[in-house]
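The values are calculated or read from the model by the stated rules, or taken from the named source; none is laboratory data. Keep in mind that what you see is a predicted model, and the values were worked out from it rather than measured. Cβ: placed from backbone, ideal geometry, glycine included. Neighbour counts: every protein chain shown. Only protein heavy atoms, including side chains, enter the accessible area calculation; ligands, DNA and RNA are left aside. Shrake-Rupley method; radii C 1.70, N 1.55, O 1.52, S 1.80 Å.
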Amino acid sequence: MSQYHELPELLSEEDRNFVRALSSLKEEIEAVDWYHQRVALCEDEELREIMKHNAIEEMEHACMTLEWLRRNMYGWEENMRTYLFTEGSILEIEEGGSSEEEPSSGDLGIGEL
């Protein structure tokens with residue numbers, strides 16, 4: 001099955017790189033899930049520790065790919081800065097709750113109309 005939803009020859013090299021990165025990210029996250037499930041059920045302590053190590057390696061790969069996406073694909077940096085390494089309710093951040101600064105003096109932050 002193709003990783004493309006559109007004709008790849010119509011996509012720029014940059015767009016094909018985005019597809020490559022996003023596909024790799026999905027694969028790394030899936031590998032973390034597989035290792036996690038195996039670790040959860042493994043009764044052999046040494047094998048369990050090896051698989052934990054492997055899961056952490058996959059997390060490293062996923063984070064490296066996320067960083068590449070942040071640097072190269074529009075939208076990633078803004079969302080990472082909004083949601084990652086925050087405290088409190090993630091939903092409040094998304095809904096514009098107390099985790100974000102409020103516009104001053106009734107200004108909605110959209111400038112002059």
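General observations
- Within the stretch 47-97, the set of residues being on the phi > 0 side of the Ramachandran plot and either in a helix (DSSP H, G or I) or of a type in the set (S, T, N, Q) (or both) is empty.
- Meets criteria (open to solvent by 90 Å² or more (accessible area, probe 1.4 Å) and at pLDDT below 95) for Ser99: no
- Residue pairs whose Cβ atoms lie under 6 Å apart, sitting 6 or more positions apart in sequence or on different chains, and linking a residue in the stretch 22-40 that is of a type in the set (Gly, Ala, Ser) to a partner that is assigned to a helix (DSSP H, G or I), are Ser24/Thr65; Ala31/Glu58.
- Index of the failed condition, Ser105 passing every other in (1) outside any helix (DSSP H, G or I); (2) open to solvent by 90 Å² or more (accessible area, probe 1.4 Å); (3) modelled with pLDDT under 95: (1)
- Trp76 being more than 17 Å from Asp15 (Cα to Cα) and without any contact (Cβ under 8 Å) to a residue 40 or more places away in the chain: no
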